[in-house]
1. Here is a check on your reading of the model: is residue B:160 open to solvent by 20 Å² or more (accessible area, probe 1.4 Å) and more than 9 Å from chain A (Cβ to nearest Cβ)?
2. Could you please give the count of residues in the stretch A:212-230 that are touching an Asp or Glu at 6+ places or on another chain (Cβ under 9 Å) and at the interface with another protein chain (Cβ under 10 Å from one of its Cβ atoms)?
3. Out of (1) open to solvent by 20 Å² or more (accessible area, probe 1.4 Å); (2) of a type in the set (Lys, Arg); (3) touching a residue at least 40 places away in the same chain (Cβ under 8 Å), what's the single condition that is false for residue A:342?
4. Does residue A:169 satisfy the condition of being of a type in the set (Asp, Glu), part of a helix (DSSP H, G or I) and either in contact with a strand residue (DSSP E or B) (Cβ under 8 Å, 6 or more places away or on another chain) or at the interface with chain B (Cβ under 9 Å from one of its Cβ atoms) (or both)?
5. If a residue must be within 11 Å of chain A (Cβ to nearest Cβ), touching a helix residue (DSSP H, G or I) at 6+ places or on another chain (Cβ under 6 Å) and in a loop (DSSP other than H, G, I, E, B), how many such residues does the stretch B:323-342 contain?
6. Looking at the structure I just gave you, is residue A:370 over 24 Å from residue A:271 (Cβ atoms), free of Cβ contacts under 8 Å to residues at least 60 places away in the same chain and open to solvent by 10 Å² or more (accessible area, probe 1.4 Å)?
7. What's the number of the only condition in (1) open to solvent by 30 Å² or more (accessible area, probe 1.4 Å); (2) within 7 Å of chain A (Cβ to nearest Cβ); (3) in contact (Cβ under 8 Å) with a residue 60 or more places away in the chain that residue B:128 fails to meet?
8. Kindly check whether there is at least one residue in the stretch B:408-421 that is among the hydroxyl-bearing types (Ser, Thr, Tyr) and under 30 Å from residue A:67 (Cα atoms).
2 protein chains.
Amino acid sequence: MSKRRSIIEIPSLNAIDRTANVGRQLAQALRNAIARGELRSGERLPSTRSLAASLKIARGTVVEVFDQLTAEGYLEARVGAGTRVATDLMDTTPAPPLAPAVPPPSADAVDLPSQAARLIAIARALTPHPPVPFAIAVPACGIAPDDNWRRLGNRVRASRQAAPSGYHDPMGLLELRLAIADHVRRARAVHCEPEQVIVTSGTQQGLYMAGRVLLSRDDPVWAEDPAYPGLTAVLDDLGVQMHRLPVDAQGMNVERGLELCPQARAAFVTPSHQYPIGMPLSMARRNALITWADQNRAWIVEDDYDSELRYAGHPFPSMQGLRPSRVIYLGTFSKVLFPSLRLGYVIAPSPVAEAFAGARAILDRHSPTAEQHVLAAYMREGYFEAHIRRIRGLYAERRAVLLSALERALPVGCRVQQSDQGMHILLWLPKEVDDVQLAARALSAGLAVRAISPMYAARPARPGLMLGFGGFLPDQLQAAVGELVKLLSQQMSAAGGPQQAEA
Amino acid sequence: MSKRRSIIEIPSLNAIDRTANVGRQLAQALRNAIARGELRSGERLPSTRSLAASLKIARGTVVEVFDQLTAEGYLEARVGAGTRVATDLMDTTPAPPLAPAVPPPSADAVDLPSQAARLIAIARALTPHPPVPFAIAVPACGIAPDDNWRRLGNRVRASRQAAPSGYHDPMGLLELRLAIADHVRRARAVHCEPEQVIVTSGTQQGLYMAGRVLLSRDDPVWAEDPAYPGLTAVLDDLGVQMHRLPVDAQGMNVERGLELCPQARAAFVTPSHQYPIGMPLSMARRNALITWADQNRAWIVEDDYDSELRYAGHPFPSMQGLRPSRVIYLGTFSKVLFPSLRLGYVIAPSPVAEAFAGARAILDRHSPTAEQHVLAAYMREGYFEAHIRRIRGLYAERRAVLLSALERALPVGCRVQQSDQGMHILLWLPKEVDDVQLAARALSAGLAVRAISPMYAARPARPGLMLGFGGFLPDQLQAAVGELVKLLSQQMSAAGGPQQAEA
């Protein structure tokens, strides 16, 4: 054993700040010194008296620090032998018998897990857009329920705990589930009881939970082509076998699914408003889908993300209402209220609903309680319906402005997809235009558009742009159309002049 | 084709409520009639004029309804041939060629997915306790930051959007990540920059994300025995191969892991305060764990769930501070603030942090924005540190009350585990006592205790009870100890009289 040092030469000890907690600084300096090898295993420390004197601090502080580090296992005190750096600090680890025979990497090198590249790509692909036209999910300029939401929230929080204690039911707050059941029964012809409602943190979580609950690894599933990238990322992540079914004027081509893979375990669809194109799933296709699900004991996952926002006719009734035992219905408040609220819901047949609660408990237990109280009150007191009516009018107006501005200015070869619902329209581009490049250029020019070709599995993918209109005033939309058309014309002439878009 | 009916005999049509939207009711009644087969494929409908007359409603309403149902695909209009129920409604589905030869189940029967039973069991196992002694996560009676939180929240929401528009960064709000980095650097000797901080909805989500990012299916991992049931549920769910390492007085037995499975890809540990028992991981074991991780390029997932609540000495510094490149550090606000807030954090080495952001985007995109603003202000303005100081004092007091009440009343054979941290203490029971049965009886008697034997993989498991003390006043705790000891004595005499607990 080495001799006791009378002075510990540790540079950081000189840096002790006497206005802060001296003991804590000394303890950390000693730990660092041990970790860096400046103090070695078995080495004896100076006495508390001499250390206190040399550092000009109270001896009691040093005693406390030694006790603490002894409790932590850094130091050991032996009767009559003073205090030393613990002897079993560094050498208790037998060489792992089956360790791979690679040299230990430098302690500072960071290894990337095998799925890191995929996940990093997803983080980048799902990066939200800045709040400039034509970002889709930006309920601004009179659209967000800001003042009502704040006032009601303050009232709700004043009338109960602001910091609700304890964990809560993973299914969600009962008052909110009652309000949701009531809403979807009336607005969407969904057949359900509150026991079937699970509050989620939005559609993304609903899709993930549906995947976890309904599917096992390698299960075949149907998804639309093109589809919501958040969905395909989930299905990839779960390691299921995805069969992408092309979308035509009637929506997802169910017949193609029956040819390709009738034994699929689930179909993920956006029947009210195909994402990203916009047409509804026809009645014939709905029936074909239900017949298939009945015959194959398969599931239909109905993502009904913006059905409250319909501008002509009534909203289509839900598929869930046609076959409650086979359909998992997903709704969200991100579209009609605001996305950063992170609240949505799943409606599932009764015993399956409890499995969703289990999945939620594993994933993140439950949604924040205080905001669930506010939303329940917002729905119960009629603000929610009033808000939908109000924004439907505002959106219809802005949508009309966008459509007529496009109609006046669009180059030949571009076409707006017919659709009566939602917060965006789809602009088809001539097939020689690179929509991803155009979207990147638009972003540099202060316009946020989503290219749809990356949402296709089939190649060549059709180029198109999603244009959100909800969060922007008519003037902004008109100016933005001018800007977009300029970029588009440049890109089209670079690509060889205007040609006909595909039908 | 069948003849045109001059009157549609649909019972629900007679139930039209003329004070509500008549068109919507008619549309739904027709859809229902078609779905139920009361109107059949190809059947001709009466003219809009005669239907309007028979129902005594405006003809324009009927025209609109027919248009709507035509758009939805329920009806089809042919020039000169009137309107009929769509012919391709029911019979476009070819029999699926590869469908299993089982009779289609009744449309009402609900199939349970194969993992439903497991998930339902988890939903039940993770059911939160009611707010009665000795529930653990109930920050009540002066512990919750209620008034400060409300006042600050109202101020923050008044100074900015109450309904923040748009989606946000899956990493979380930058202001909050700055505040978290600052906190863990000072309080936990964590080495990190704000870019390494990912806001989560709590430890449960942090564990799930760590599993998704670091591990692939069938990867071997180490976990403590006993362990947090929320962790073992995650590892089960991910289909990894779990090696449970027994916990002794020094914490998780790393040497056992080196014998059993040195090639494990990750170790999930609670080094500050073993869950549920309570001892810290010794310095020798910490070093052994880091040496193993270095040599095997494995990960250490450090769940540091309640390290702010230490009652003697300073908190142990984090393992992350010893080897930032190998440790994923998880922290939570559930313990020091309140669980229903659903906010926590992961600290990961830089490139891995972005993979966590991708995982978060897939799981549920991000945490609610408004509450992140409130928490960032709460930390920035010093409320958070003051709150920790305050509750540490309150908890210390309540803990002392609980310990001395137990000391006075405990039957022979029961023993309190030594521990200096957290919101619960562990009470060891004589080995013949069934802790699960005792916990169930206690719940009927109005006491919430967690049995720990289900948290063990090894058999026979040691019986014990987790007793939370944070949310209850000294009187409540004393009365509850009396009640618990009564139940315990009954159970012990039923089990054959007091015997020595295991050491």
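The values are calculated or read from the model by the stated rules, or taken from the named source; none is laboratory data. For clarity, every value in this text was computed on a predicted model and none was experimentally measured. Virtual Cβ from ideal backbone geometry, glycine too; neighbours counted across all protein chains shown. Areas reflect the complete protein model, heavy atoms only, side chains present, ligands, DNA and RNA absent. Shrake-Rupley method; radii C 1.70, N 1.55, O 1.52, S 1.80 Å.
1. Working: open to solvent by 20 Å² or more (accessible area, probe 1.4 Å): yes; more than 9 Å from chain A (Cβ to nearest Cβ): yes.
For residue B:160, the condition - open to solvent by 20 Å² or more (accessible area, probe 1.4 Å) and more than 9 Å from chain A (Cβ to nearest Cβ) - is met.
2. Pass one, the stretch A:212-230, residues touching an Asp or Glu at 6+ places or on another chain (Cβ under 9 Å): A:212, A:228.
Of the ones still in play, those that are also at the interface with another protein chain (Cβ under 10 Å from one of its Cβ atoms) are A:212.
Of the residues in that region, 1 qualify.
3. Residue A:342 satisfies all of (1) open to solvent by 20 Å² or more (accessible area, probe 1.4 Å); (2) of a type in the set (Lys, Arg); (3) touching a residue at least 40 places away in the same chain (Cβ under 8 Å) except (1).
4. Working: of a type in the set (Asp, Glu): yes; part of a helix (DSSP H, G or I): no; either in contact with a strand residue (DSSP E or B) (Cβ under 8 Å, 6 or more places away or on another chain) or at the interface with chain B (Cβ under 9 Å from one of its Cβ atoms) (or both): yes.
Considered against the rule, which asks whether it is of a type in the set (Asp, Glu), part of a helix (DSSP H, G or I) and either in contact with a strand residue (DSSP E or B) (Cβ under 8 Å, 6 or more places away or on another chain) or at the interface with chain B (Cβ under 9 Å from one of its Cβ atoms) (or both), residue A:169 comes out as no.
5. 3
6. On the way: over 24 Å from residue A:271 (Cβ atoms): yes; free of Cβ contacts under 8 Å to residues at least 60 places away in the same chain: no; open to solvent by 10 Å² or more (accessible area, probe 1.4 Å): yes.
No.
7. Of the numbered conditions (1) open to solvent by 30 Å² or more (accessible area, probe 1.4 Å); (2) within 7 Å of chain A (Cβ to nearest Cβ); (3) in contact (Cβ under 8 Å) with a residue 60 or more places away in the chain, the odd one out for residue B:128 is (3).
8. Narrowing the stretch B:408-421 to residues among the hydroxyl-bearing types (Ser, Thr, Tyr): B:419.
Narrowing further to those that are under 30 Å from residue A:67 (Cα atoms): B:419.
Yes, because at least one residue in the stretch B:408-421 is among the hydroxyl-bearing types (Ser, Thr, Tyr) and under 30 Å from residue A:67 (Cα atoms).
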